[in-house]
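Here's the structure, in structure tokens; my notes come after.
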Amino acid sequence: MPKDKISKEIEAKFGNHLRSRVNGILIEDKKILMIKHLMGNGSVLWSVPGGGMHYGSSASENLKREFSEETGLDVDVKAYLFVNEYLAAPLHAMEHFFLVEKIGGKLALGTDPELYPDSQIIEEIKWMSINEIQSLPNEALHQIFWGIKSLEDLVLLRGYFNFGNNSLK
């Protein structure tokens, strides 16, 4: 299938090299903050806020920046939870997940400064219950959500994972 503009932009900016990413799990009132990303060729991905690390900034600093850019919220990074190795060529990332707590700001749909204004992939931001997450097809969800039974399951995960990466088995 030929690649559309978004697919080409994602591959150009994020593909064909190993990326280090930080991601924040923010749970309030039994809901988790989720972001819907356009992934190209009509596909979408719901995941938690996060993004690539900038050289010279700590993981905590990077995660606070990503939250502000994508959601308008200020967060405090509370605890390191787990790492997921994501590999679906041309994308390859070590994704570090942290528990975060909201300390300020106002929720608003943000942008990805690494992408051009006409190529933004952040489409929606939403507080979601476990039932809403479980109602989505797996291909529209980050793999960390595929087998969970509750949002608390996420904050209990510890260690290294490669959820759903057949290429690593």
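Here are the numbers for this structure:
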{"item": "Members of the range 58-81 that are basic (Lys, Arg) and over 23 Å from LYS36 (Cα atoms)", "result": "LYS78"}
{"item": "Pairs where the first residue, in the range 66-79, is without any contact (Cβ under 8 Å) to a residue 60 or more places away in the chain and within 12 Å of ILE125 (Cβ to Cβ) and the second is open to solvent by 30 Å² or more (accessible area, probe 1.4 Å) and part of a strand (DSSP E or B), C-beta under 7 Å, 6+ apart", "result": "THR71/ILE125; GLY72/GLY105; LEU73/LYS102; LEU73/GLY105"}
{"item": "The one condition in (1) surrounded by fewer than 15 Cβ atoms within 10 Å (Cβ to Cβ); (2) in contact (Cβ under 8 Å) with a residue 12 or more places away in the chain; (3) closer than 15 Å to ASP112 by Cβ that VAL48 fails to fulfil", "result": "(1)"}
{"item": "Filter result (farther than 21 Å from HIS92 by Cβ and open to solvent by less than 70 Å² (accessible area, probe 1.4 Å)) within the range 141-150", "result": "GLY147, ILE148, SER150"}
{"item": "Yes/no for SER7 being among the hydroxyl-bearing types (Ser, Thr, Tyr) and at pLDDT 90 or above", "result": "no"}
{"item": "Residue count for the range 44-61, restricted to those that are touching a helix residue (DSSP H, G or I) at 6+ places or on another chain (Cβ under 7 Å) and not in a loop (DSSP other than H, G, I, E, B)", "result": "5"}
{"item": "Pick from the range 10-38, criterion of a type in the set (Gly, Ala, Ser) and open to solvent by 40 Å² or more (accessible area, probe 1.4 Å), ranking: modelled with the highest pLDDT", "result": "SER20"}
{"item": "Subset tally (residues that are open to solvent by 40 Å² or more (accessible area, probe 1.4 Å), part of a loop (DSSP other than H, G, I, E, B) and over 20 Å from SER68 (Cα atoms)) for the range 110-140", "result": "3"}
{"item": "Residues of the range 80-106 that turn out to be of a type in the set (Ser, Thr, Tyr), in contact (Cβ under 8 Å) with a residue 60 or more places away in the chain and within 19 Å of LYS64 (Cβ to Cβ), as a count", "result": "0"}
{"item": "Residue list for the range 69-84, filter: at negative phi and surrounded by fewer than 16 Cβ atoms within 10 Å (Cβ to Cβ)", "result": "ASP74, ASP76, LYS78, ALA79, TYR80"}
{"item": "Residue satisfying condition, being within 17 Å of ILE32 (Cβ to Cβ), assigned to a strand (DSSP E or B) and of a type in the set (Val, Ile, Thr), within set VAL155, VAL100", "result": "VAL100"}
{"item": "Filter result for VAL83 (under 15 Å from the mean Cα position of the chain (by Cα), in a strand (DSSP E or B) and over 24 Å from GLU139 (Cα atoms))", "result": "no"}
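The values are calculated or read from the model by the stated rules, or taken from the named source; none is laboratory data. For clarity, every value in this text was computed on a predicted model and none was experimentally measured. Virtual Cβ from ideal backbone geometry, glycine too; neighbours counted across all protein chains shown. We work out accessible area using only protein heavy atoms, side chains counted, and drop any ligands, DNA or RNA first. Shrake-Rupley method; radii C 1.70, N 1.55, O 1.52, S 1.80 Å.
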